[in-house]
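Let me begin by presenting the structure, written as structure tokens, before commenting on it.
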């Protein structure tokens, strides 16, 4: 995939036979598109007839530890959406990602509409840094005119429920908040919860599949 102003980065398209929609899926700050979470979600969405287009941000492609400047990240999101639409032009398209990938997608959408994208999906929206609760990172969301699905864990240290709930409520009917009981920012659960990480991943995939189907 060619990224505007920064050259080439890698991408992976997983398109099942009979796909009903396409999710342009950005990775989190600390792990790339082949991270175990990204792989596991793509596999589960594939079974549910949701195609995924995973892509690398330039810093991750180059093996650097720290994310690029926002303008580079935003350009990458825009290029990924265009490349995904070119690869699967007939599929209803959604965009977002894990943590930073989702936030950068919403910031990009707030600046300029993402062509033919029907909604945004956040797998753990990073509302604030750990131990520094706040809502400044959500200030751009009112400028996003698309439906938004927030999938958030009750133990997520980057999005306290007491803060993310009113943020979503303030967005009105555009936002749907799905709470994943017992999970942290990585959507991992404790053994004593009585649930497994696989069950949580299935819940996430089911929720995304149903939400995207309802918006085509």
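Read the figures in this text as sums done on the coordinates, not as results from a lab. Every value quoted in this text rests on a predicted model; they were computed, and no experiment measured them. Cβ coordinates were reconstructed from backbone atoms using ideal geometry, including for glycine residues, and neighbour counts include every protein chain displayed.
Observations, loosely collected:
- Comparing mean-square fluctuations of 85, 69, 48 from a GNM of the chain with C-alpha springs under 10 Å, the top value falls on 69.
- GNM top mover of 103, 195, 34 - the chain, alpha-carbon springs below 10 Å: 195
- For the chain, the relative contact order comes to 18 percent (Cα pairs under 8 Å, sequence separation of at least 6).
- With contacts taken as Cα pairs under 8 Å at a separation of at least 6 residues, the range 65-152 carries a relative contact order of 27 percent.
- Over the range 163-208, Cα pairs under 8 Å with separation of 6+ residues give a relative contact order of 21 percent.
- Note on residue 15 and residue 163: with the Förster distance fixed at 41 Å, the Cβ-Cβ geometry gives a FRET efficiency of about 0.65.
- Taking 28, 18, 134 as the candidate residues, the one with maximal mean-square fluctuation in a Gaussian network model of the chain, Cα springs under 10 Å, is 18.
- Entry for the range 2-213 at q = 0.12, 0.16 Å⁻¹: log10 I(q)/I(0) = -0.56, -1.05, Debye formula applied to identical alpha-carbon scatterers, no solvent contribution.
- The range 94-216 shape via C-alpha gyration tensor axes, a/c threshold 1.5: oblate
- Counted over the range 2-213, the DSSP beta bridges are approximately 20% antiparallel.
- The range 99-155-the range 1-74 distance, computed between alpha-carbon centres (Å): 16
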